[in-house]
Every structure is written in C-alpha cells, then in structure tokens.
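Just so it is clear, none of the values below were taken in a lab; they were calculated from the coordinates. None of these values were measured; they are calculated from a predicted model. A quick note on method: Cβ atoms are made from the backbone with ideal geometry, for glycine too, and the neighbour counts reach across all protein chains shown.
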Amino acid sequence: MAFAEAVSRRFDKLRAAAGDADFVLDGAGSLTPGDAGRVAAAIEHLHLLWFDEPCPLSNLSAVRKINDESATPLGFGRHVEQPGEVQDALREEVVDILRPDLAHHGISQIRRMAALAETYYVAVAPHHDGGPIGTAAALHLAASLPNFFIQHIPIPSAEADRRMRAELTGGPVETVKDGFAPLPTAPGLGIAVHEEALEKYKERA
Amino acid sequence: MRRREFLAASGIGLLPGRPAAFAAQSSPGTDAFRAVGSRIRITGMKVFGVSLTPDSDRPYVFVKLETDQGVVGWGEATLEGKAGAALACLEDFRDFVIGADPMQVEHHWQSMYVHSFYRAGPVMGSAISGIDQAMWDIRGKVLSLPVYQLLGGPFDPRGVRGYYHADSEDRDELLRLRQTALREGISCFKSGLPEYYEWIGTRAKIERAVRHIQGLREGLGPDIDIAVDFHAKTSPSVATIICKEVEPLNLLFIEEPCPPENVKAMARIARRTTVPIATGERLIAPYGCRELIEMGAIDILQTDINHVGGITALWKVAAMAGASGISMAPHACEGPIGGLATLHVDAAMPNFLVQEICSGVQPGMKEKIWEEWFGFPAMRMVNGRFPLPEKPGLGFELSEASLKRFPFGGTRPMARVFHEDGSVAEW
C-alpha cells in the first residue's frame, strides 16, 4: 500500500502545480492484477482520466477483478495483436478506454477496433510514442472516430528534437494550442515528408 | 473532456441569450467546423415513394439530397410493409439535413441517432440509412471516387460475388437452373422452406422440409453453393432438428432459423449444429448487432444497408463481425439504390462472403425497370459477380422524371399468413 499512497501523494503535488489539468497514470504493465487492483482503488478519489496498462492484458478473469473493485477507468490495448483480443477485453468488461497503437495497428485496424468499442460505450485514445508522421496519421484518425477521446502526442522536451520532428514533416504537425492540435488541411496525411531532412538525421551505424 | 467543452462553447456563441443547458444545440456543420469542414452545404431534401405496382408491399422510399454546389446524392430508405412510416421519418430528419456539410457523414449519423433520444428501430434505422447513403453518394462525387475506394476497397478485382433466388421444388426446373448457372458462372442460390411451422413440429412437416432441402442439392448438384432461408418460420427446437438432418448436404448457410428478437435462442441453434447459421437482416445499428457478434456463435451476418444505418453502419458491423470470425452476406430485397450501395461496402470488407439480390436468373419486370432508370443492368451478375461500379459516388445517375411513372400506391402490409386453425404464422 505504500506504493498506492506514494502515487496519491505525487498526484496531490502535480495537481497543486498544474491547476485543473487532467492526468493519466501509466502502469506500463508492470504490476500484478492484485497490486493493480489495490492501486486503482486507492487512487479512485483522485478522478484521474484513467489508469493505463496497469498490468499485462493476459488473464482476463484476473484483470477483471481490478475493474470490479474500483471505479478507476482502465486503459488497455497497445500490446494486443488481433481485434479478437480487443473484443474479449470489451466482453469481459475490463477496459474503459481503448489504446491501440498508431504504429502497431495503423489507421485501418484502429478504425475497426473503434467500431467494436463504440457499441460498448468505450472511448478510444490511440497510443503513440513514435515520430511525427504517426502524429499526422493520428490527427486524421481522431477526426474520423465518433468515440475518440484524446491523443497522446510525444513532444520531446529538447528544442532541437522538436525542430527535427517539424523539419521531417515539412512543417510542424505537433503544435498544440489551447489543448488542441489543429487538423491538417492538405490532402492525404497533410504533410510533406522532407527526404533531405530524413538523410540529415539518419542514424549512422 | 476539453473537446466536449470546446463543442459546447461554440454552441453558446451561436445562440445568444439561451440558457446554457440548451446552448450546446446548434445546426449541423456550422461554426465549430468552419476551419476544417468542406464548404458544401445541403440545400434540399426530396423524398420519393415509388410503387412499381399499385399494390406493392414495398414501395421504394428514395431520398435525394441537393447541395449548393450542384452535386446531388441518392439514398434508399425502403422499409417493407411500412413505407408511410419511413417517408414520414425522413421528413422528421429535415432539420438535421438542411444546412449540413454532407462530407461529415459520421457526425450527422451520430446526430440523427443520438439526438433522436429514442434509439433506432427499423423505421428510424431506414431513414438514417437513406440519408447516410445519399451523403456518401455526394462525398464520392465531390472527391471523384467510387464509394468503395473511399472505404479502402476493392478487395476482389473480379467484382462482388452474388446469389439469386431459386424458388422451385421441381426437379426438372432445378436441373435447368443448374445448367444455366454453370453456363453463366453463377456459383450460389438461395431457397426457402415449403410450409409454416408451429413451435413443435410434426414428423410429417419436418420430413417434408428435409426432403425439400435434399431435393435442392440433388437438383442443383454438388458444386453449386446452396443457402436455405428458414425466414424465422421455425422455432429453435424445430430448426435444430432440421439443421442436424441436413448437415451431410454441406449447405452454404441456413438463414434465420428462428425469430430475431432473442439472439441467445439463435446462438443456441448455432451451437447445436455444424451447419453455418446466418442472420441479421432485421438488426438495426451496430449497437443492435453487438450481442450476437459478441457471442461468437453464428457464422454469417446479413445486415441490410437500407435498415441497419446505411454505408456507415454496414461497414462498422462488418468490422465488428470480423473480430469474431463472422462473414458478411448482406440482405437486399428492396430497391436498386440500396442494392448498388451495398456493393460498395461489400467490396471493402475483408470478411465478405456473398451478396443477395431478390431476383431470379431471368430478369423480370422489376429488373427491366431498374435498367431503364439507370441505363445499365443494375444488380445483374456477370460471371456470378456484380460488376463494381466505376463512376464516382454510388456510381449512377437517376432522373426524378423516370420515377414519375410509378406513383406512390400507399403503404401495404407484407404477407399475412396463418396456420390451419387461423392462428398467426411467421411468414
């Protein structure tokens, strides 16, 4: 329980610093279902947006206990291989927000998973820790899904990295203003990948 | 959360002086989407009731959307036995449609479904289907692409595999049908059951049903796929007995072996036999299909593009079905607009099996009228497949004048059939 209390204290501090911003707790699949259940219950009163990947999505009956024991919304999906696994998670009522991965599942597969999730009143927040092309794809996907909730945009903290990402896509697509990333307006993904920039930033062996 | 606040805030701006609780209401495609939506607006909606014969039980209900750019879109909302209700429900959606940006079809689908408060049954499902199809027709025309390309298709360059109905019980007629099928490349037929059944079946009726299905296999031969539509005439108890008896015939599927309301009863039949079970033509919206798909018991879904919620909903149902390994064989027994619209979605389904058309191998009056309307033989197969439309949108032009020859003859009930004792039978 010390862990749960530490999490709780940490969010108290974050809240104090960040005012009315909302937060997600990322469990990175590192807890057991039993521990995850205790944490989920202990942080229930914090009203986080959700508790992401609290444990591996392996044994559904064990995972289900987490949701049975608390009202903390749970996010799963970045590691699933098949839409059938998403369906099992929805049917077993273990998931509150679906988190398929942009690079792993792509636009087409995520659209199919989202159609399934919609009939369970489950929102979609695609997982994304890749590059700016993925971000451009994520924006189009988000605008097309009725049950889209929010998009993680992996904006690096170093200014040089941010500049590189904007250069690669021929202009910034990851600019968030007033909480929103503007939708691209050009055809296709709406970016022009800069091949010279790709060459410039290529990883050298 | 912030997204919702943003949408609500824009609504407040549109309706000064209204209480905040009502302020989120705004007309479609307005300020919130000004920077990102298209500049096309729907300016007119025309609704047509079209009776090919004055006593038709399924007058076609067509809807035409007109835009300020001159592009028009057609959709179909035909609802068998309830034409007047479908026409009226389309009119009820007029406020949702006029002024809307037709490119935002998902937004408008959600608005029609959610803002109706009472969730969609067949009447509302059909009206949404018609408007949805017409918006997709406009989208395709504006983008100069057939709708199946917008949906990510086609999967099969040869077209969309289909089946006609084979209603004969006569051995010689079935043999002739087989010869025609082999000559024309037709690979599949569907037939029905010969009589009406109570919830427990007599030995004589069950044996006649089994013999009928055996006769189909004997007449049509071993290499043509055969589907048998039980049309919900049988109870789960009776259906299971017949299904097990015909297992050795390797049917493509048995359709609606019991009425559709109780999906667990349908699943029970599917669990007790190896014959693939198909159902779904009476299901409305992806929500209406969820439980059946989730159970993973049936094999084939047959949702109808004119009832389930148009192209948007049929595509979603197919995506959901795929997760359970369920194939799609969409129902089509209404008019040609819905038929053609279905082909586009079929062509974009990885789990597509076969497409119905309620026609025989020989075109009749209905098919001739369709050809006159469109200038091509709509919903007729070539080499056992419906050719993919090549033109943008749904792929046809239709003149209002051509419909005038077939004025609305009013709502007529579907077949009303009764048992020998006068009690109500499933048709």
Given the rule -39500 (n - 2.57) for each run of at least 4 DSSP H residues, summed and divided by the residues of chain A, what is its mean residue ellipticity at 222 nm, to the nearest 500 deg cm²/dmol? -14000 deg cm²/dmol
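Loop-only check: which chymotrypsin sites (Phe, Trp or Tyr not before Pro) in segment B:91-173 are DSSP coil with at most 16 other Cβ within 10 angstrom? Intermediate results must be reported in sequence, preceding the final value.
Values: sites: B:F93, B:F96, B:W109, B:Y113, B:F117, B:Y118, B:W136, B:Y148, B:F155, B:Y163, B:Y164; in loops: B:F93, B:F117, B:Y118, B:F155.
Sites meeting the loop and neighbour criteria: B:F117, B:Y118, B:F155.
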Using Cα positions and a limit of under 27 Å, work out the lysines in reach of A:K177, with same-chain residues fewer than 8 apart set aside. A:K13
Gyration tensor (alpha-carbon) shape descriptor, segment B:361-415, a/c threshold 1.5: oblate
Who wins for biggest fluctuation among A:F51, A:F149, A:F76 in a Gaussian network model of chain A, springs between alpha carbons below 10 Å? A:F149
Per-residue Cβ counts within 10 Å, from other chains only, averaged over A:106-116: what number is that? 4
May I ask you to list the residues of segment B:76-107 whose amide nitrogen lies under 16 Å from a point 7 Å from Cα along the Cα→beta-carbon direction of B:R416? B:81-83
Alpha-carbon centroids, segment A:36-108 and segment B:331-400: separation in whole Å: 43 Å
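Could you give the DSSP H helices of chain B that reach 27 angstrom or more along their long axis (alpha carbon positions) and whose average Kyte-Doolittle hydropathy is no lower than -0.5?
B:122-143
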Theoretical ellipticity at 222 nm over chain B - DSSP helices of four or more residues, -39500 (n - 2.57) apiece, nearest 500: -12000 deg cm²/dmol
With springs connecting C-alpha atoms under 10 Å apart, model chain B as a Gaussian network and identify which of B:A204, B:A278, B:A227 has the largest mean-square fluctuation. B:A204
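What's the FRET efficiency of A:Q82 with A:D26 using the Cβ-Cβ distance as r and R₀ = 30 Å, to the nearest 0.05?
The calculated FRET efficiency here is 0.80.
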What is chain A's relative contact order, in percent, from Cα pairs under 8 angstrom and six or more apart in sequence? 12 percent
Two-site FRET efficiency, B:L182 against B:R94, from Cβ-Cβ distance with R₀ of 51 Å, rounded to 0.05: 0.50
Most exposed to least, judged by fewest other Cβ atoms within 10 Å, B:R271, B:R203, B:R41 sort to B:R203, B:R271, B:R41
Taking the Cα atoms only, what angle lies between the long axis of helix A:132-144 and the longest principal axis of chain A, rounded to 10 degrees? 60 degrees
Taking a 28 Å limit on the Cα-Cα distance, which of the listed pairs A:K65/B:K316; B:K64/B:K264; B:K244/B:K366; B:K82/B:K366; B:K316/B:K366 fall beyond it? A:K65/B:K316; B:K64/B:K264; B:K244/B:K366; B:K316/B:K366
Chymotrypsin sites (Phe, Trp or Tyr not before Pro) restricted to segment B:174-283 and DSSP loop, no more than 14 other C-beta within 10 Å: B:W199
Output row, site B:S116, 7 Å Cα→C-beta label point, backbone N cut-off 13 Å, window segment B:54-97, residues B:77-79, B:85-94, B:96
Select from B:Q302, B:Q355, B:Q179 the residue whose mean-square fluctuation is largest in a Gaussian network model of chain B (Cα-Cα springs shorter than 10 Å). B:Q179
To the nearest 20 debye, the protein assembly as shown has a Cα-centred charge dipole, built from +1 on Lys and Arg Cβ and -1 on Asp and Glu Cβ, of 540 debye
For A:E93 and B:R158, FRET efficiency with R0 = 51 Å and r from the beta-carbon atoms, rounded to 0.05? 0.75
If a cysteine in chain B has no other Cys Cβ under 4.7 Å from its own Cβ, put it on the list, ordered by number. B:C89, B:C188, B:C243, B:C258, B:C289
Contact order relative to length of chain B, as percent, for alpha carbon pairs under 8 angstrom and 6 or more apart: 20 percent
